[in-house]
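In what follows, a single structure is set out as structure tokens and then discussed.
Any read-out appearing in this document is the output of simple, stated calculations on the displayed coordinates, not a laboratory observation. Nothing here was measured: the structure is a model prediction, and the numbers come from that model. Cβ placement follows ideal geometry from the backbone for every residue including glycine, while neighbour counts extend to all protein chains displayed.
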Amino acid sequence: MILRQSFILILVSFAKLPGLKALLEWRNKMAERDKKLRERQHNKKYRSMIRTFEDPILFQVCKPVDFTTDDLNWLVLKAVCEAFSNGVGLAAPQVGIAKRVVFIYNQRKNGYFMINPIIVEKSNEMTEGIEGCLSYPGYEKVISRSTKITVEYYNEKWEKITRQVDDYEARIILHEYEHLDGISIWNNREYSSI
């Protein structure tokens, strides 16, 4: 018992030493630095998956996901989209998967998958906006798009969903939807405004 009390007293004494406090602070800083380094390496890995410019898959019409036979390799869309600070949406062909799947990450929170999406309805009211694309870094274009749409899709639990979306989120969905048909801001001078 006396030995245990002595050991605790010694630990308490060491904790009061200024050198130990600095050592603990240094250890915490190194742990934080290592964490940031791992995050950068993780992001670099996923950023390298993006297909760019003249990659043939960006010009293909994608095939629907078959719920009974397709694997879930498109789940990587979420990780890739999150690896970019400016990524708000990503279509499967942008990571080399020719399937009709997009990941929407509007407002950088609560992202969701849209599997086999179909634009059911769009408003006649249009608005112009500047759009960029992760597959065409540094390239932006003013695009006129419908302000409101109704879209049907399946989520990752294979539940069918019908949603009405508007404004910025509608723009994101329309942009990603066009990727599924091989249309992008790069390959179409008269960019389609679905």
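Over all directions, average the projected area of the Cα convex hull of the stretch 90-182 and note it in nm².
The Cα convex hull of the stretch 90-182, projected and averaged over all directions, gives 6.0 nm².
Quick one: what are the phi-derived ³J(HN,Hα) couplings along the stretch 131-141, Karplus 6.51/-1.76/1.60 with θ = phi - 60°, whole Hz, x for glycine and proline?
Each residue of the stretch 131-141 in turn: 10, x, 7, 5, 7, 10, x, x, 9, 10, 8 Hz.
Loop-only GluC sites (Glu not before Pro) in the stretch 99-158, please: DSSP not H, G, I, E or B, and at most 15 other Cβ atoms within 10 Å.
On the way: sites: 121, 125, 128, 131, 140, 152, 156; in loops: 125, 140, 156.
Answer by residue number: 125, 140, 156.
Show which aspartates and glutamates lie in cross-link reach of residue 78 when reach means a straight Cα distance below 19 angstrom and same-chain residues fewer than eight apart are skipped.
Cross-link targets: 39, 70, 156, 159, 169, 176, 178.
Extension gain residue 126-residue 59, at 0.36 nm per residue separation less the Cα-Cα distance, in nm?
Extending this stretch completely gives an extra 21.6 nm.
Subtracting the Cα-Cα distance from 0.36 nm times the residue separation, let me have the gained length for residue 84 to residue 33 in nm, one decimal.
Extending this stretch completely gives an extra 16.4 nm.
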